[in-house]
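Structure first, commentary second.
The values are calculated or read from the model by the stated rules, or taken from the named source; none is laboratory data. The structure displayed is predicted, hence computed values, not measured ones. In this analysis, Cβ positions are derived from the backbone assuming ideal geometry, glycine residues included, and neighbour counts consider all displayed protein chains. Side chains are part of the model used for accessible areas, which takes the heavy atoms of the whole protein and leaves out ligands, DNA and RNA. Shrake-Rupley method; radii C 1.70, N 1.55, O 1.52, S 1.80 Å.
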Amino acid sequence: MSIMDHALPPPASTTATMISMRNIVYGYSHVPVLEGISLDVRRGEKIGILGPNGSGKSTLLKIIAGLIKPWSGSIVFSTTTTTTTTTTNSNRPVIGYMPQVESIDWDFPITVEEVIALALWKRSGAMPWSNRYAREKVSDVLEVLGMSRYAKRQIRELSGGEQQRVFLARAIVHEPELLLLDEPTSGADHHTREDILNVLDGLSKRGVTIMLTTHDISGVASRLPRVVCLNRRILADGSAKDILTQDNLLRIYGLVDSMRL
Ligand code: ADP
Ligand code: MG
């Protein structure tokens, strides 16, 4: 079965809340960078988080991914079924997380297929690349992303855009219910960006909930059903058409001219 054929259990209702955040506060070295974030995410939604550098986008995704714990506030995950595949008692759904590529330091030798297979480690038990199930999944996802020819390449030899696609592969290979993508198209050329957005569309149609951060207003944010503007606080939240107005962008960025409108 292809990774794109994987069907999630049907949602209890199209409006079922998957994540409910209330008054999240977090910061570094006693300086808050997120102040009072309250956000509900419904199952199957596709949401873009838009904001300037340093506005807290990556921090917010890390909190949802469970990589960091908020100073205060609550984050509650709801599952649609009583039997869940989650391993923690926090009801976290199966999450695929793609970090911002520039935050990764590749000072060790590892191939593309190994990086992706590592995401399957828990499920397969043994070293993932010695396991047939894992090998098939990795080869499947590389094909979906048009990256099969890169399988044996060292990841540090790849361009930023290629590394991004490897990380997208790694985030989706274990068929997550929730995808958290930190700037999945930054630095990608037009063609790669369209490929990535097509893959996300396919996953979204299968019911995967997607949250991504972006700087690209016209190429990405304007094409998403829901956009959340963030700058330490949530400044706007709604449909791209309602949110991406000159007034809002002025408020968020302070400058409209610098944006690719
Ligand atoms: P964005 O992804 O929107 O650019 P971040 O969430 O990465 O924003 O960062 C928000 C703020 O927190 C920035 O001012 C950044 O410098 C700071 N910050 C992020 N990560 C760390 C860290 N590990 N240690 C200290 N400060 C950090
Ligand atoms: Mg960031």
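Compared with the direct C-alpha span, the chain from SER78 to ASP189 gains 36.3 nm at full extension, assuming 0.36 nm per residue. By accessible area, using a 1.4 Å probe on protein heavy atoms only, the stretch 14-77 has 52% of its surface on carbon and sulfur.
Overall size of the stretch 197-242 from C-alpha positions, given as principal axis extents largest first: 31, 20, 17 Å.
The listed residues ASP105, ASP201 rank as ASP105, ASP201 when sorted by accessible area, largest first, using a 1.4 Å probe. Shown here are the Rg and Dmax of the Cα trace of the stretch 147-253, at 15.2, 48 Å. For a straight C-alpha distance cut-off of 17 angstrom, the lysines reachable from LYS69 (same-chain residues fewer than eight places away being disregarded) are LYS57. What does a probe at ASP247 reach in the stretch 198-235, counting residues whose amide N is under 19 Å from the point 7 Å along Cα→Cβ? Hits in the stretch 198-235 for ASP247 at 19 Å: 227-231, 234-235.
Residues whose amide H comes within less than 5 Å of that of GLU45, counting only those at least five positions distant or on another chain, are ILE210 (H built at 1.01 Å from N in the peptide plane).
Counting only lysines at least 8 places from LYS137 when in the same chain, those with an alpha carbon closer than 23 Å to its own are LYS122, LYS152, LYS205.
Among the protein heavy atoms of the stretch 170-261, carbon and sulfur supply 47% of the accessible surface, probe 1.4 Å, non-protein parts ignored. Positive contributions from Lys and Arg (+1) and negative ones from Asp and Glu (-1), summed over other residues with Cβ under 15 Å from the Cβ of ILE110, come out at -2. Taking packing as the residue-averaged number of other Cβ atoms within 10 angstrom, the listed peptides 208-221, 240-253 run from highest to lowest as 208-221, 240-253. What does the net charge come to around SER204 if you take all other residues with beta carbon closer than 13 Å to its beta carbon, with K and R at +1 and D and E at -1? Surrounding charge for SER204 is +4. Using the Karplus relation 6.51 cos²θ - 1.76 cosθ + 1.60 with θ = phi - 60°, the per-residue 3J(HN,Hα) values for the stretch 149-163 come to 5, 8, 3, 8, 6, 6, 5, 6, 7, 7, 6, x, x, 5, 4 Hz, with x marking Gly and Pro.
Ignoring aspartates and glutamates fewer than eight residues from LYS46 along the same chain, the ones with Cα atoms less than 20 angstrom from its Cα are ASP5, GLU175, GLU177, ASP182, GLU183, GLU194, ASP195, ASP201, ASP216, ASP237, ASP242. Against the criterion of solvent-accessible heavy-atom surface with a 1.4 angstrom probe, HIS191, HIS30 sort, most first, into HIS30, HIS191.
For the pair ASN198 and ASP40 in one chain, pulling the backbone fully straight at 0.36 nm per residue adds 54.4 nm over the alpha carbon distance.
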